[in-house]
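Every number here is computed from the coordinates shown, using simple stated rules; none is lab data. Please read all numbers here as calculations on a predicted model, not as lab measurements. Backbone-built Cβ (ideal geometry, glycine too); neighbour counts: all protein chains shown.
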Amino acid sequence: MHRAETPTSGGQSTLFLYLYALAISGGSIAYIPFLTILLPLQASAFAGTNALNLLAHVAFAGAIAASLANIGFGWASDISGTRRPWIAAGLVLSSALLLAMPLATTASMLIAMIVGWQFCLNMMLAPLAAWAGDTVPDSQKGMLGGLQALAPALGALSGMLVTLHGFAGSGERLFWIVGLVAILVAPLLLFGRPIPMPQLIHIDIHPKPRVSRTGLTDIAVTHMWLARLLVQIAEASLFAFLLLWFRSVEPGFGENRAAAIFTFVLGAAVLFALNIGRWSDRTDRPILPLVLCSAIAAVGLLLMSVASDLVLAISGYVVFGLASSIFLALHSSQTLRVLPAPKTRGRDLGLFNLTNTVPSLIMPWLTLALVPLYGFDALFLLLAGLAALACLLLLRIPR
C-alpha cells in the first residue's frame with residue numbers, strides 16, 4: 001500500500017482525505033465564480049436596468065431548486081447505497097448546463113436554466129457531502145473540517161483567476177470553470193479508494209446511545225442546525241453588502257481592496273481551520289472551537305457596529321470573517337457526528353443544507369428593513385446578537 005494511503009490510529013487514509021478536500025473545492029468552484037461574477041454580467045447584458053430585479057428572481061428560484069435537489073439527491077444516494085455514480089452524473093450534467101448558459105437570451109430562459117443547473121449541481125454536491133460521513137471517523141472530523149476550509153478560498157481565487165485581465169475572454173471563462181471543476185473532482189472519482197468504515201454505515205455494529213433519535217441526539221441536531229443558520233445569516237449579509245458598508249465608512253473605497261481583504265480572510269482561515277481542527281481531534285473537543293468561533297464572530301460584528309474609521313472597520317471584519325469562516329468549515333464536518341441514522345445521512349445533510357440556502361432568502365429583506373432606517377450599525381448589532389445566540393446554543397449541547 002502506498003504510504004499516503006496508510007491511516008493513522010485506524011483512521012481514514014490521508015490520500016482519500018486530500019482527494020476529498022480537492023473535490024469539495026471543485027464543488028465550490030462550480031458555483032462561486034459563476035453566481036458572484038459571471039451570472040450578474042450575463043443578466044446585465046440583456047436585462048439592462050432590470051438586471052437587479054432579474055437577479056433577485058434568479059437567486060430566489062435557484063435557492064429553492066438547490067434546497068429541494070440537495071435533499072432529494074442526498075436521499076436518492078442513501079436509497080441506492082452508493083455515492084460515486086451520482087457525483088459523476090452530477091459533474092457531467094451540471095458542467096454541460098453551465099457551458100450552455102450563454103444560450104439563454106431571455107429572463108425566463110435564464111431562470112429555467114439556472115433551476116436545471118442547480119438540480120444537476122446538487123446531484124453532485126449532496127452525495128459528495130454524505131460520502132464523508134460514510135468514510136471519515138469522528139477522530140478525523142476536525143482535520144476534515146480544516147481541509148474543507150480550502151473550498152471557499154479556492155472558489156474565490158478561481159473567480160479572480162477567470163476574470164483576470166488578459167487571462168480568458170468572456171466566451172472562455174465558463175470553459176475554464178468547467179475544466180477546473182473536472183480537474184479537482186475527477187481524481188476522487190477515479191482514484192479515491194477509502195478504507196472501509198463499516199461502523200459508520202451500519203449502526204448496529206457498535207451501538208452507541210447517541211444513535212437514538214431522541215434525547216441527546218435531538219438536542220445536538222437541533223442546536224447544531226440553528227447555530228449554523230444564525231451564523232450563515234450573518235455571513236451572507238456581509239458577503240452581499242461588504243463593499244457598500246466599506247464605502248459608507250470611506251467613500252471611494254475600491255472594489256479591488258474589498259476583494260483583496262475577502263481573499264486574505266479566506267486564505268488565512270484555511271491555516272487556522274486546519275490547526276484548530278487537528279487540535280479538536282487530539283483533545284476530543286469537537287464543539288469547543290465552534291463555541292469560541294461564534295463568540296469571536298459576535299465580537300467582530302460589535303467592532304464593526306462602532307467603527308468610525310477604516311482601520312477599525314477592516315479590523316472588525318477580519319475578526320468576524322476569520323471566525324465565521326473557521327466556524328462554517330469545522331461545523332460542516334462535526335455535523336456528521338450528530339446525524340442520527342447512517343441510512344438517511346444524505347437526506348439529513350440535505351436538511352442541514354437549508355442553513356446555506358435559507359439565509360439567501362432572508363438576508364435581502366433583513367438588510368432592506370434595517371439599513372435605510374437605522375444604518376449598518378443596527379444591522380451589525382442584530383447580527384452580533386445572532387452569533388452570540390449561536391454560541392449559547394452550542395454551549396447547551398451535551399458533551
Point-charge dipole on Cβ atoms (K/R +1, D/E -1) for the range 279-399, about Cα centre, debye to 20: 620 debye
Of Pro340, Pro372, Gly385, which is farthest towards the positive pole of the range 332-399's charge dipole, taken about the Cα centre with +1 and -1 on the beta-carbons of Lys, Arg and Asp, Glu respectively? Pro340
Could you compute the FRET efficiency for Leu368 and His165, with r as their C-beta to C-beta distance and R0 at 51 Å, rounded to 0.05? 0.90
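When Lys and Arg each count +1 and Asp and Glu each count -1, what net charge do the other residues less than 9 Å away from Ala130, Cβ to Cβ, add up to? It would help to have the intermediate numbers written out before the result.
On the way: positive: Arg83, Arg345, Arg347; negative: Asp78, Asp134, Asp348.
Its environment carries a net charge of 0.
Treat every Asp and Glu Cβ in the range 3-201 as -1 and every Lys and Arg Cβ as +1, leave all other atoms uncharged, and give the resulting dipole magnitude about the Cα centre to the nearest 20 debye. Numbers along the way, then the final one.
Numbers: 6 positive and 5 negative charges, 28 e Å.
The dipole of the range 3-201 has a size of about 140 debye.
Under a Cβ-Cβ cut-off of 14 Å, what is the net charge of the residues other than Arg83 that fall near it, where Lys and Arg count +1 and Asp and Glu count -1?
Values: positive: Arg84, Arg193, Lys343, Arg345, Arg347; negative: Asp78, Asp134.
Its environment carries a net charge of +3.
If I take every Cα pair under 8 Å that is 6 or more residues apart in the chain, average their sequence separation and divide by the length, what percent do I get for the relative contact order? Mind showing how you got there, number by number?
Details: 585 pairs, mean separation 107.5, N = 399.
This gives 27 percent for the chain.
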Mind checking which of Ala51, Ala23, Ala384 has the largest fluctuation in a GNM of the chain, springs on alpha carbons under 10 Å? Ala51
Cα gyration tensor category, rounded, prolate or oblate, for the range 295-366 with a/c compared to 1.5: prolate
In debye to the nearest 20, the charge dipole size for the chain, taken about the Cα centre with +1 at each Lys and Arg Cβ and -1 at each Asp and Glu Cβ, equals 820 debye
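Counting pairs of alpha carbon atoms under 8 Å apart in space and at least six apart in sequence, what relative contact order in percent does the range 3-201 give?
Details: 228 pairs, mean separation 80.2, N = 199.
Here the relative contact order equals 40 percent.
So what's the back-of-envelope 222 nm ellipticity for the chain, counting only DSSP H runs of four-plus at -39500 (n - 2.57) apiece and dividing by all residues, rounded to 500?
Rounded to the nearest 500, the figure is -26500 deg cm²/dmol.
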Work from the charge dipole of the range 210-395 (Cβ charges, +1 for Lys and Arg, -1 for Asp and Glu, about the Cα centre) and give the residue of His331, Gly267, Phe241 farthest towards its positive end. His331
Can you tell me which of His223, His57, His165 moves the most in a GNM of the chain? Springs connect C-alpha atoms under 10 Å apart. His165
The chain: most fluctuating residue of Arg257, Arg337, Arg83 per GNM, C-alpha cutoff 10 Å: Arg257
Classify the range 3-201 as rounded, prolate or oblate from the Cα gyration tensor: take a ≥ b ≥ c as the square roots of its eigenvalues, call it rounded if a/c is under 1.5, otherwise prolate when a/b beats b/c and oblate if not. prolate
Cβ-based net charge around Gly74, under 15 Å, with every Lys or Arg adding one and every Asp or Glu removing one: +2
Difference of contour (0.36 nm per residue) and Cα-Cα distance, Tyr18 to Asn275: 91.0 nm
Picking from Leu180, Leu310, Phe352, whose Cα lies most toward the positive end of the charge dipole for the chain (charges on Cβ: Lys, Arg +1; Asp, Glu -1)? Phe352
